[in-house]
Amino acid sequence: MSHPEWFLRVAHDLRNPLAPMQTATYLLRSGDIGGEEQARMLEVIDRQGMRLAAMIDELADGLRAEYGRLLGPLVETDLATLVQLAANGLDAAPVELAQEQPLPVLADDARLLQLLRVLRELRLSPDEVLASPVHVERHAGRVRVERLLACPAELLAQPEQLLLAPLPPRYCEDSLGLQLPIAASIASALGGQLQARDQDGMLALVLDLPLMA
């Protein structure tokens, strides 16, 4: 993220929400629009403001990841519960638990939730109408969380790069494309690993974390 091209992209992406916000503000100040249009302009400002705030948070997380400062205090938490909670929308990938039992891990629960949300919500291809399930399984003192995603060929050619560099802008209109690198950094900071590989023409994202004894 230290290359000049990256900073040019950040500047461009952060400016994108400003144009509709400035237009909406101008129209509201003009006094020439009715109540219904005023309400619509306020919705534009609210929506684009949240989009801008999310990008700024993403940039801050990316910088924290580079300096190894992502995690807060670690507490015992149940991954089985968190993975069920890790969804903002109804189109998130469903969860399949191989064993119906607690999966205790030592973690910053907010960061672990952020990581699990990426695994459940990430979409890379418009061809993926229904998200494949997130499979969770305990094995030999560790927990494995895996999901297969439809993935464009250009990204699948070097899947490991998805965990190291931002996604190209065309795959992340409302973000800076740092979701996977940040998720990989969270996994590493928690003593685990997030891997990305080609599996029969699909992208396999595999999270491995140690369980508490």
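Quick note: the coordinates plus some simple rules give every number you see, no bench work behind them. Not measured: the values here are computed from a predicted model. Backbone-built Cβ (ideal geometry, glycine too); neighbour counts: all protein chains shown.
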Query - Förster radius 30 Å - calculated FRET efficiency between ALA53 and ARG144, Cβ distance, rounded to 0.05 - result: 0.35
Requested in this report: Take the Cα atoms of region 47-113, find their three principal axes, and give me the spread along each one in whole Å, biggest first.
Outcome: 40, 30, 15
Query raised in the report: Ranking ASP109, ASP32, ASP198 by Cβ neighbours within 10 Å, fewest first, what do you get?
Result: ASP32, ASP198, ASP109
Query raised in the report: In which sequence would LEU176, LEU164, LEU115 go, from the one with the fewest C-beta neighbours within 10 Å to the one with the most?
Result: LEU164, LEU176, LEU115
Requested in this report: Find the Cα radius of gyration of region 101-172, compare it with 2.2 N^0.38 Å by division, and give the number to two decimals.
Outcome: 1.28
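What is the Cα convex hull volume of region 4-66 when expressed per residue in Å³?
63 Å³
Is region 101-141 best put as rounded, prolate or oblate by its Cα gyration tensor, with a ≥ b ≥ c the root eigenvalues, rounded for a/c under 1.5, and otherwise prolate when a/b is larger than b/c, oblate when not? Could you put the intermediate results ahead of the total?
Working: a/c = 3.69, a/b = 1.71, b/c = 2.16.
Judged from the Cα gyration tensor, region 101-141 comes out oblate (a/c at least 1.5, b/c at or above a/b).
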Report summary line: Relative contact order as a percentage, the chain, C-alpha pairs under 8 Å and 6+ apart, gives 20 percent
Query raised in the report: What number, rounded to the nearest 500 deg cm²/dmol, is the helix-based mean residue ellipticity at 222 nm of the chain, given -39500 (n - 2.57) per DSSP H run of at least four residues and division by all its residues?
Result: -13500 deg cm²/dmol
Query - Relative packing of peptides 145-154, 48-57 - highest average C-beta neighbours within 10 Å first - result: 145-154, 48-57
Report summary line: With Cα coordinates, the longest principal axis of the chain makes an angle with the long axis of helix 18-30, in degrees rounded to 10, of 40 degrees
**Report entry** Rounded if a/c under 1.5, otherwise prolate or oblate - region 1-116, Cα gyration tensor axes
**Finding:** oblate
Query raised in the report: Based only on the alpha carbon positions, what is the Kirkwood hydrodynamic radius of the chain, in angstrom?
Result: 18.8 Å
Query raised in the report: Is the shape of region 149-209 best called rounded, prolate or oblate, per the rule: a/c under 1.5 gives rounded, else a/b larger than b/c gives prolate, else oblate, with a ≥ b ≥ c the square roots of the Cα gyration tensor eigenvalues?
Result: oblate
Requested in this report: Compute the long axis of helix 109-121 from its Cα atoms, compare it with the longest principal axis of the Cα atoms of the chain, and write down the angle in degrees, 0 to 90, nearest 10.
Outcome: 80 degrees
Report task. Compute the separation of the alpha-carbon centres of region 93-166 and region 37-85 and state it in Å as a whole number. Result -> 18 Å
Requested in this report: Using only Cα atoms, tell me the angle between helix 4-15 and the longest principal axis of the chain; keep it within 0 to 90° and round to the nearest 10.
Outcome: 60 degrees
